[in-house]
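Bear in mind these aren't lab numbers, they're just calculated from the coordinates by the rules spelled out. Since we're looking at a predicted model, the values are computed, not measured. Counting neighbours? That spans all protein chains shown, and the Cβs are built from the backbone with ideal geometry, glycine included.
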Amino acid sequence: MKRINFKMPKSFVILLLIFFQLQLTAQQSSIEGRWDLTMNMNGRMAPSWLEVRHSGTNGYIGRFVADGGSARPISKVNFKEGKMSFHIPAQWEVTDKELSLDAVLGADDKLVGTMTSTRGDVFTWVGVRAPKLWRDKTPIWGKPVTLFNGKDLAGWEAMGKNQWVVEDGILKSPKSGANIRTTKTFDDFKLHIEFRYPKGSNSGVYLRGRYEIQIEDSKGMEPLSIYLGGIYGFIDPWLNLAKDAGEWQSYDVTLVGRMLTLAVNGQTVIFKQEIPGITGGAIDSNEGAPGPIMMQGDHGPIEYRNILITLPK
């Protein structure tokens with residue numbers, strides 16, 4: 001039998017390579033990005049967040065935020081033929097078991113899947129693409145408005161059994177209990193807020209109820225996102241400017257879309273940094289909607305005063 005030597009035209013080979021590259025790019029773009037997740041945890045709708053990005057030519061890595069805790073790295077995200085899965089170690093749970101997620105990417109560009117907790121509980125969830133929240137104009141700011149009148153809890157509501165009280169112009173949580181939030185919601189804003197904690201205590205200010213600026217007795221610690229002035233689990237401040245416990249301190253925040261600038265005790269420590277997604281303890285994962293100012297009251301005693309907000313005109 002005569003052997004036929006078939007030589008593929010060079011132009012055809014180039015077209016074939018382009019086709020396969022486009023196929024790979026299409027597959028990558030179908031799962032890559034940030035996702036706002038909502039978990040059904042036995043009837044409680046809990047917010048979570050996921051980021052997937054490619055690593056090399058055909059690998060995927062990511063980050064995951066559960067309904068509590070901080071952002072956790074994902075060393076490998078499996079994705080093939082519309083199916084995604086990954087597993088990560090426990091964070092605060094005392095166990096050597098891992099948390100795992102599985103999902104299918106539907107034609108409607110939603111992720112639908114299950115999460116198996118480190119305790120073995122299985123929860124269903126749905127994920128939608130997180131909004132960019134990009135602003136193409138710089139706000140023109142109005143005048144500051146007082147959010148806390150120094151007399152009572154008007155304009156505020158506890159998110160559970162209330163332990164918050166007002167004394168001598170100070171909003172106090174004398175013991176661990178419920179978080180507290182404004183009854184009004186906000187989009188872009190500037191916020192001034194002052195706080196004081198006893199030794200060893202911990203709290204946080206949630207912007208739009210979704211992005212926590214950490215408050216913790218952490219003077220002398222490294223400037224990390226888990227300490228005072230950090231966006232919890234995401235953004236480290238340049239400096240840790242925490243004062244001694246028992247002293248009044250302040251945050252001055254500018255939030256426009258996802259872009260955050262933060263001054264701690266009068267000095268800028270974060271300048272126009274993007275907040276990637278919700279932090280643990282967020283009220284929901286609906287990042288495109290306005291949200292409240294919320295303060296954490298479940299990690300120890302905390303006091304607040306002089307809470308002012310400035311909105312765009």
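With the convex hull built on the Cα atoms of segment 35-114, state its orientation-averaged projected area in nm².
Working: hull surface 23.6 nm².
So the Cα hull casts an average projection of 5.9 nm².
Quick one: of Lys175/Lys219; Lys184/Lys313; Lys83/Lys132; Lys243/Lys272; Lys137/Lys184; Lys76/Lys199, which pairs are farther than 29 Å apart, Cα to Cα?
Numbers: Lys175/Lys219 22 Å; Lys184/Lys313 17 Å; Lys83/Lys132 24 Å; Lys243/Lys272 24 Å; Lys137/Lys184 24 Å; Lys76/Lys199 40 Å.
Going by Cα-Cα distance, Lys76/Lys199 fall outside the 29 Å limit.
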Query raised in the report: Tilt of helix 10-31 relative to the longest C-alpha principal axis of the chain, in degrees (0 to 90, nearest 10)?
Result: 30
Query - Residue-by-residue Karplus 3J(HN,Hα) for segment 37-54, coefficients 6.51, -1.76, 1.60, Hz, glycine and proline x - result: 10, 10, 9, 9, 9, 6, x, 8, 7, 10, x, 8, 8, 9, 10, 10, 9, 7
Query raised in the report: In percent, what relative contact order does the chain have, based on Cα pairs under 8 Å that are 6 or more apart in sequence?
Result: 19
**Report entry** Distance from segment 201-221 to segment 103-126 (C-alpha centre basis), Å
**Finding:** 30
Query raised in the report: For the chain, what does -39500 (n - 2.57) per DSSP helix run (n ≥ 4), summed and divided by total residues, give at 222 nm, in deg cm²/dmol to the nearest 500?
Result: -2500 deg cm²/dmol
Query raised in the report: Using modelled backbone amide H atoms (1.01 Å from N, in-plane), which distant-in-sequence or interchain residues come within less than 5 Å of Ala130's amide H?
Result: Arg34, Trp35, Asp36
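How large is the translational diffusion coefficient of segment 262-313 in µm² per second when you combine the Kirkwood radius over alpha carbon pairs with Stokes-Einstein at 4 °C and 1.567 mPa s?
Details: Rh = 14.3 Å.
For the chosen part, D equals 90 µm²/s.
For segment 180-313, take the convex hull of the Cα atoms, compute a quarter of its surface area, and give me that in nm², please.
Working: hull surface 29.1 nm².
Over all viewing directions, segment 180-313 projects a mean Cα-hull area of 7.3 nm².
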Query - Computed FRET value (nearest 0.05) for Thr57 with Asp109, which takes r as the C-beta separation and R₀ as 25 Å - result: 0.60
Query raised in the report: Considering only DSSP states other than H, G, I, E and B, which GluC sites (Glu not before Pro) in segment 58-156 qualify as loop sites with at most 16 other Cβ atoms within 10 Å?
Result: Glu81, Glu93
Query raised in the report: Where in segment 197-219 is the amide nitrogen less than 16 Å from a point lying 7 Å along the Cα-to-Cβ axis of Trp248?
Result: 197-198
**Report entry** Candidate lysines - alpha carbon under 16 Å from Lys151, same-chain residues fewer than 8 apart omitted
**Finding:** Lys172
**Report entry** Whole-Å distance, taken between Cα centres, linking segment 135-190 and segment 243-257
**Finding:** 14
Query raised in the report: Roughly how compact is the chain, stated as its Cα Rg over 2.2 N^0.38 Å to two decimals?
Result: 1.20
Report summary line: The orientation-averaged projected area of the Cα convex hull of segment 229-276, in nm², is 3.4
